[in-house]
1. Restricting attention to region 229-244, does a residue exist that is within 25 Å of the chain's Cα centre (by Cα) and modelled with pLDDT of 95 or more?
2. What about LEU251, is it out of contact with any Ser or Thr (no Cβ under 9 Å at 6 or more places or on another chain) and either part of a helix (DSSP H, G or I) or within 26 Å of THR195 (Cβ to Cβ) (or both)?
3. Among the candidates PHE237, PHE253, single out the residue that is touching a helix residue (DSSP H, G or I) at 6+ places or on another chain (Cβ under 6 Å), under 16 Å from ALA191 (Cα atoms) and open to solvent by less than 80 Å² (accessible area, probe 1.4 Å).
4. State whether one or more residues within region 126-141 are over 30 Å from TYR221 (Cβ atoms), open to solvent by 20 Å² or more (accessible area, probe 1.4 Å), within 23 Å of the chain's Cα centre (by Cα) and polar (S, T, N, Q).
5. Can you tell me which of (1) of a type in the set (Phe, Trp, Tyr); (2) buried (at least 17 other Cβ atoms within 10 Å of the Cβ); (3) modelled with pLDDT under 95 is the one PHE151 doesn't meet?
6. Is it the case that region 295-307 has a residue that's open to solvent by less than 80 Å² (accessible area, probe 1.4 Å), small (Gly, Ala, Ser) and under 33 Å from the mean Cα position of the chain (by Cα)?
7. Note down all Cβ pairs under 9 Å where the first residue falls in region 290-314 and is over 30 Å from ILE199 (Cα atoms), the second is open to solvent by 90 Å² or more (accessible area, probe 1.4 Å), and they're at least six residues apart or on different chains.
8. Working carefully through the options GLU284, GLU209, find the one that is among the acidic types (Asp, Glu) and farther than 30 Å from GLU92 by Cα.
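The values are calculated or read from the model by the stated rules, or taken from the named source; none is laboratory data. Since the structure is predicted, the reported quantities are computational estimates derived from the model, not experimental observations. Every residue, glycine as well, gets a Cβ built from its backbone with ideal geometry; the counts of neighbours run over all protein chains shown. Just so you know, the surface numbers come from the protein's heavy atoms only, side chains and all, with ligands and any DNA or RNA stripped out. Shrake-Rupley method; radii C 1.70, N 1.55, O 1.52, S 1.80 Å.
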Amino acid sequence: MGRGRGGVAQHLAEGQSRVGPAPVGGPGGRGPPGRGGATPGPGGARSAAAAAAVMAGAARRDGPGPRAPVLLVLGAAAVSLVGAQVTSETREVPEHKPADIPCSAYRFGLSNPRIEWKFQKGSSLVLFYYGGELTDSYKNRVQFSPNVIHFSTVTREDTGKYICEVVGSGNQIAKSEVNLIVQVPPAKPVAHVPTSATIGSKAVLRCTETDGSPPPTFRWYKDSMLMPPNPKTSPTFRNSSYTLDPATGELIFEPLSGFDTGDYYCEATNNVGSPQKSAVVHMEASEVNVGGIVAAVVVLLMVLALVAFGIWFAYSRGFFKRKE
């Protein structure tokens, strides 16, 4: 049994001399500041894997015996490969009101932390607190403390994701994210409605609004009656064939019927302020005017006949002959 313990210790010593300490971070053992978590680099992953393989081989060769040294080495490797801790939350604040954005990552108790704040909106990512200072565009309206930033007032432009990264000793990283939604009531929407459309064709009605935050949802009214998302569920609209998307505000008739003639308007709401209604637009659904088309063709043929007669008459009178 003593020989078995000596074999395990010898193999562990050999494995550690070949593998070395498991680095944390990128290929250099440390990720770039402010660029993310302490993700194990290729060297660290290979080192941990090699150490595990050496220990497993030693255990198989030496048979049953005390496992404490092996568990201690595995525990050290696991600590060196700790990834970033991430928390996330969403906050809604009315426009032109103060707002506090917490840095929950600071609560993880990292020693000698380095704190950075980033603002992400769409594909844009801006670093606005680093090196212990706020950037110029935030200095006059943001107050910094280790666990929170305070906005004296927020506007719709401040809607986005706020990312706090805290880097402690040993490259341990904690990160928290706050999705800030600055509440803005919708403005008056615009209803895009064709004034006339042919029965049997496809008619598309659109409702647009660009100011509301969060983005509003839409409802449509015909002759002052609310249109349900599914017309077949309502006795009033069961003769219509349409689809209605509340998120985009698009109302599509396919096919259009004579019943769909009427006065239309849309409404935008996002539970901030009161709902806003568009102006009313009348849409006329009509049959194809076959008689009008035939009359237009007849008139065109008569005009062409008169032009041809005029040209023949001019030739017959010699108006197009050259003077000799």
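1. yes
2. Numbers: out of contact with any Ser or Thr (no Cβ under 9 Å at 6 or more places or on another chain): no; either part of a helix (DSSP H, G or I) or within 26 Å of THR195 (Cβ to Cβ) (or both): yes.
No.
3. Details: PHE237 fails: under 16 Å from ALA191 (Cα atoms).
It is PHE253.
4. The answer is no; no qualifying residue exists.
5. Tallying (1) of a type in the set (Phe, Trp, Tyr); (2) buried (at least 17 other Cβ atoms within 10 Å of the Cβ); (3) modelled with pLDDT under 95, PHE151 fails exactly one: (3).
6. no
7. If the second residue must be open to solvent by 90 Å² or more (accessible area, probe 1.4 Å), the pairs left are ILE311/PHE320; PHE313/PHE319; ALA314/PHE320.
8. Values: GLU209 fails: farther than 30 Å from GLU92 by Cα.
From the options GLU284, GLU209, the qualifying one is GLU284.
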